Amino acid sequence: MSSRHRTPSRSTLALLVTVLAVVAALLAVPQAPDAAAADGLRLTAVSARPGLVTAGDVLITATVPKEQPLAGVRLSLDGADVTGAFRPDPEAHTLTGLLDQLRVGTNRLVAEAGSLRAQLILTNHPAAGPVISGPHESPYLCTTDRFKLVDGSTLGAPLDDDCSIRTRVDYAYRSTAGKTLPLPDPSVRPDDLAWTTTSTGAEVPFLIRIETGTLNRAIYQISMLHDPATDAPSAFHRGPGWNDRLIYTFGGGCRRGWYTQGTNTGGVLDPTMLGRGYAVASASLNVFGNNCNDLLAAETMMMIKERFVEQYGDPLFTIGWGSSGGSYQSHQIADNYPGLLDGIVVGQSFPDVTSATNFTLFDSRLLHRYFTEVAPDTFSQDQQRRVAGFLSWGSIKNLSDGAKRLDPVAEFPDGLPTDLRYHPETNPDGARADVYDHTVNVYGRDPDTGFARRPLDNVGVQYGLAALNAGTITVDQFLDLNEGIGGLDLDAKPTPRRTKADPNARAAGYRTGRILNGGAGLAGTPIIDYRAYSEDAVNGDIHMTTHGRATRARLTAANGDAANQVFLLEDNRYGGFSLNSPTLKYALTSMDSWLTGLVRDTAAGSAHTKAVRTKPAGLTDTCWSRDAEPRKIVQPLTPDNAGECGALYPVHTTPRLVAGAPFADDVVTCRLKPVDPADYAVPFTPAERGRLAQLFPDGVCDWTKPGVGQQPLEDTWLTFGG
């Protein structure tokens, strides 16, 4: 584990914020991926953006005018000749080479061909990071000694405080009995070795090469089919087992997702993916149960994909693959850092961490406390459920427990010493275990407390409004609820006053994409949203269908339509996001076809237009019946529960939506308006109207207007300092 956590002084914090702002402004300047002279000699950084190179190496292509012989091109790096590192491709008339031993900081690459000259400035960052996410979090628990390899052994102790290990390669195989087993001696083929036919038609032995290493203080793995008896794969040699496509898997969770390296990845050994020939990559910081911070997840994925391209070559396309916390990452990386993912298949989806999910957990915590502590036995279970909007009454308690991610003392990763953990009385300078402090590089610190600022608010929210208007609860119950609901302070303790968002954090949430916009990279990204319906579980489930509809609402608001998103919906017989499901296998096949068509589309048009027009015929919103042999039902899946799909798998709301919020659920702080009797379907006495006005002296939420400070994404590829 690296150095102990210390809270900086306020003057140090102020200086740090100023420095980071300057650095971010400098680094956020858009950087072209190549440098070209007017006459056509061009240098392109293939594996990374020129200003965001990591780990000392980068794959470069020099494109040379046809009239210039390739043999006459000379390349130099900071004055040293590196021409020998480049391989010619006469057909494309290019030279491609893997440059290594770049120094940390600025490196100058120059290409010369006769009188032609091109230059590319490369900025290299340490293999341990950071690059775009801002200063490293501390404390940080190294877990290499608990990370298990395919043979059950571990990686052992880390080599340094950055939790590094030596990169290693192991082999496994798929047996004829359908098991993935370690291959202790790669030179010996097992008698029970299975064979597979990839999506490109190659018939190959089911031998799996697994690379394990560390980047950005994360443990990463890259797997692909490869026969160890043949030449090792490289950017210049691709074996028949790889179909030229990459799947990057993202793991779920969020609770305890801070201060740790983690002991798992999103998974790289799925037999369906590998059997079709995909390369599969992931990292421990791309599992939200280890790291509930989409910015750090994006940085990690960026670095692992760079490693992949440098070692194995540029894939035809990259598919993001993840459920629950994996859907956060898929959506936000595709939108905020376009080019890393070309298409995404998500399950049990949410738009982002900051808005819809946290709002629902926050409201559930307040409601659960009100119903059990403030005013017990004043609402029936059905009335409580109607106020919350959930299908299952048990969801209120379940989601209230999920609000531990908002509580800085509730849940720490296993192994983090107690003396490093925050406690308001015994260790006020300790590490705080909540999503906001874990994302403090974006939100900044409150100058008075030193804690992270929060984009969390419930001022003006009329809890239970729809239940009141439906006649499910009385006016007195409605008034009592809104008088006693209160809020949560910075330590997630109940307060009688409503919670107010920090305006700086709120603005940062919108500007930086922590609150999903949907109109940047995601506008041109094919999206298949698969859901195994689970809202009918006895104790409810946080993975509510409405959250997928929130993403669609944001896509529509940003782009005019959501035609690049497809919903696939079925029951939960296959256990969530499992490729045992024929529907999810269909999603993978369809995404491959979609992206193959998109890559081939060279006609004019916006990224959104291209994503829509290359969608495979017949791929549209669909649900499957609950029969033993499910029927395919093709219809638009809408939040109004229309049609047979709506009856089979109804969309239920959340406490915030019951209070009148839009389906996009992206309003942190609502704009206020005076209390209007026309908003209520039931009569109020003069005394009740007076009490309502006293409860909301500044007004109630006007959900017809954008939220306070709501604004578009500032730009893509933002950086917060390295």
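The values are calculated or read from the model by the stated rules, or taken from the named source; none is laboratory data. Computed from a prediction, not measured in an experiment: that's the story for all the values here. In this analysis, Cβ positions are derived from the backbone assuming ideal geometry, glycine residues included, and neighbour counts consider all displayed protein chains. Surface areas here come from the heavy atoms of the whole protein model, side chains and all, with no ligands, DNA or RNA. Shrake-Rupley method; radii C 1.70, N 1.55, O 1.52, S 1.80 Å.
With Ile542, Ile528 as the choices, which residue is assigned to a loop (DSSP other than H, G, I, E, B), within 23 Å of Ser581 (Cβ to Cβ) and in contact (Cβ under 8 Å) with a residue 60 or more places away in the chain? Spell out the reasoning first.
Values: Ile528 fails: assigned to a loop (DSSP other than H, G, I, E, B).
After ruling out the rest, the residue left standing is Ile542.
Which residue is least open to solvent (accessible area, probe 1.4 Å), if the candidates are limited to the stretch 113-161 and must be of a type in the set (D, E, K, R) and in contact (Cβ under 8 Å) with a residue 40 or more places away in the chain? Break it down into steps so the answer makes sense when it comes.
From the stretch 113-161, those of a type in the set (D, E, K, R) are 117, 137, 145-146, 148, 151, 160-161; that's our starting set.
Then drop every residue that is not in contact (Cβ under 8 Å) with a residue 40 or more places away in the chain, which leaves 117, 137, 146, 148, 161.
Details: Arg117: 124, Glu137: 40, Arg146: 108, Lys148: 139, Asp161: 100 Å².
Among them, the one singled out is Glu137.
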When the stretch 639-665 is examined, which residues are found to be of a type outside the set (Gly, Ala, Ser), closer than 29 Å to Lys500 by Cα and open to solvent by 30 Å² or more (accessible area, probe 1.4 Å)? His652, Thr653, Pro662, Phe663
Among (1) free of Cβ contacts under 8 Å to residues at least 40 places away in the same chain; (2) open to solvent by 10 Å² or more (accessible area, probe 1.4 Å); (3) part of a helix (DSSP H, G or I); (4) not small (Gly, Ala, Ser), which single condition is Phe478 missing? (2)
Tally, over the stretch 257-286, of residues that are open to solvent by 10 Å² or more (accessible area, probe 1.4 Å) and closer than 12 Å to Gly325 by Cβ: 1
How about the stretch 592-601: which of its residues are assigned to a helix (DSSP H, G or I) and either open to solvent by 10 Å² or more (accessible area, probe 1.4 Å) or of a type in the set (A, V, I, L, M) (or both)? Asp592, Ser593, Leu595, Thr596, Gly597, Leu598, Val599, Arg600
Could you check, for the stretch 327-346, whether at least one of its residues is open to solvent by less than 10 Å² (accessible area, probe 1.4 Å) and over 26 Å from Leu52 (Cα atoms)? yes
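Return yes or no: is Leu296 surrounded by fewer than 24 Cβ atoms within 10 Å (Cβ to Cβ) and of a type in the set (A, V, I, L, M)?
Details: surrounded by fewer than 24 Cβ atoms within 10 Å (Cβ to Cβ): no; of a type in the set (A, V, I, L, M): yes.
For Leu296, the condition - surrounded by fewer than 24 Cβ atoms within 10 Å (Cβ to Cβ) and of a type in the set (A, V, I, L, M) - is not met.
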Members of the stretch 416-427 found to be surrounded by 19 or more Cβ atoms within 10 Å (Cβ to Cβ) and either free of Cβ contacts under 8 Å to residues at least 60 places away in the same chain or of a type in the set (Lys, Arg) (or both), listed by number: Arg421, Tyr422
Would you check if Ser323 is in contact with a strand residue (DSSP E or B) (Cβ under 9 Å, 6 or more places away or on another chain), among the hydroxyl-bearing types (Ser, Thr, Tyr) and open to solvent by 20 Å² or more (accessible area, probe 1.4 Å)? yes
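Report whether or not Pro184 is more than 26 Å from the chain's Cα centre (by Cα), modelled with pLDDT under 95 and open to solvent by 30 Å² or more (accessible area, probe 1.4 Å). Step through it out loud before you land on a result.
Values: more than 26 Å from the chain's Cα centre (by Cα): yes; modelled with pLDDT under 95: yes; open to solvent by 30 Å² or more (accessible area, probe 1.4 Å): yes.
Spelling it out, Pro184 is indeed more than 26 Å from the chain's Cα centre (by Cα), modelled with pLDDT under 95 and open to solvent by 30 Å² or more (accessible area, probe 1.4 Å).
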Considering only the stretch 427-443, state which residues are in contact with a strand residue (DSSP E or B) (Cβ under 8 Å, 6 or more places away or on another chain) and under 26 Å from Pro496 (Cα atoms). Asn427, Arg432, Ala433, Asp434, Tyr436, Asp437, Tyr443
Could you run through the stretch 348-372 and say how many residues are in contact (Cβ under 8 Å) with a residue 40 or more places away in the chain, at negative phi and over 12 Å from the mean Cα position of the chain (by Cα)? 15
Read through the list (1) at pLDDT below 95; (2) open to solvent by 30 Å² or more (accessible area, probe 1.4 Å), then give the number of the only condition that Gly721 fails. (2)
Among the residues of the stretch 428-473, the number that are among the β-branched types (Val, Ile, Thr), in a loop (DSSP other than H, G, I, E, B) and surrounded by 21 or more Cβ atoms within 10 Å (Cβ to Cβ) is 3
Hey, does the stretch 45-58 have a residue that's more than 19 Å from Phe236 (Cβ to Cβ), open to solvent by less than 40 Å² (accessible area, probe 1.4 Å), at pLDDT 95 or above and of a type in the set (Val, Ile, Thr)? yes
Of the residues that sit in the stretch 546-568 and are in contact with a Ser or Thr (Cβ under 7 Å, 6 or more places away or on another chain) and hydrophobic (A, V, I, L, M, F, W, C), which one is nearest to Ala661 (Cα to Cα)? Ala562
Is it the case that the stretch 270-278 has a residue that's under 22 Å from Thr54 (Cα atoms), touching a strand residue (DSSP E or B) at 6+ places or on another chain (Cβ under 8 Å) and modelled with pLDDT of 95 or more? no
Being at pLDDT 95 or above, in contact with a helix residue (DSSP H, G or I) (Cβ under 7 Å, 6 or more places away or on another chain) and open to solvent by 60 Å² or more (accessible area, probe 1.4 Å) is true for just one of Ala607, Ala628. Which residue is that? Ala607
Within the stretch 275-306, the count of residues that are over 18 Å from Ile165 (Cβ atoms) and part of a helix (DSSP H, G or I) comes to 11
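State whether one or more residues within the stretch 418-427 are in a loop (DSSP other than H, G, I, E, B), under 18 Å from Gly289 (Cα atoms) and not aromatic (Phe, Trp, Tyr). Quick ask: steps written out before the conclusion?
The first filter runs over the stretch 418-427 and keeps only residues in a loop (DSSP other than H, G, I, E, B), leaving 422, 424-426.
Within this subset, residues satisfying the condition of being under 18 Å from Gly289 (Cα atoms) are none.
Checked the stretch 418-427: no residue is in a loop (DSSP other than H, G, I, E, B), under 18 Å from Gly289 (Cα atoms) and not aromatic (Phe, Trp, Tyr).
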Quick one: Gly201 ticks every box in (1) out of contact with any strand residue (DSSP E or B) (no Cβ under 6 Å at 6 or more places or on another chain); (2) more than 28 Å from Pro135 (Cβ to Cβ); (3) open to solvent by less than 10 Å² (accessible area, probe 1.4 Å) bar one, so which box is it? (3)
So, of the residues in the stretch 577-591 that are part of a helix (DSSP H, G or I), of a type outside the set (A, V, I, L, M, F, W, C) and in contact (Cβ under 8 Å) with a residue 12 or more places away in the chain, which turns out to be nearest to Gly251 (Cα to Cα)? Lys585
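Answer yes or no as to whether Val682 is aliphatic (A, V, I, L, M) and open to solvent by 80 Å² or more (accessible area, probe 1.4 Å). Before you say what the answer is, go through the steps one by one.
Values: aliphatic (A, V, I, L, M): yes; open to solvent by 80 Å² or more (accessible area, probe 1.4 Å): no.
No, not satisfied.
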In the stretch 535-591, anything at pLDDT 95 or above, among the charged types (D, E, K, R) and open to solvent by less than 40 Å² (accessible area, probe 1.4 Å) is listed as Arg549, Arg554, Glu570, Asp571
In the stretch 505-522, anything among the aliphatic types (A, V, I, L, M) and either open to solvent by 10 Å² or more (accessible area, probe 1.4 Å) or under 15 Å from Tyr436 (Cα atoms) (or both) is listed as Ala505, Ala507, Ala508, Ile515, Ala520
Just the residues that are in contact with a Ser or Thr (Cβ under 6 Å, 6 or more places away or on another chain) and either assigned to a helix (DSSP H, G or I) or surrounded by fewer than 24 Cβ atoms within 10 Å (Cβ to Cβ) (or both), please, taken from the stretch 307-320. Val309, Glu310
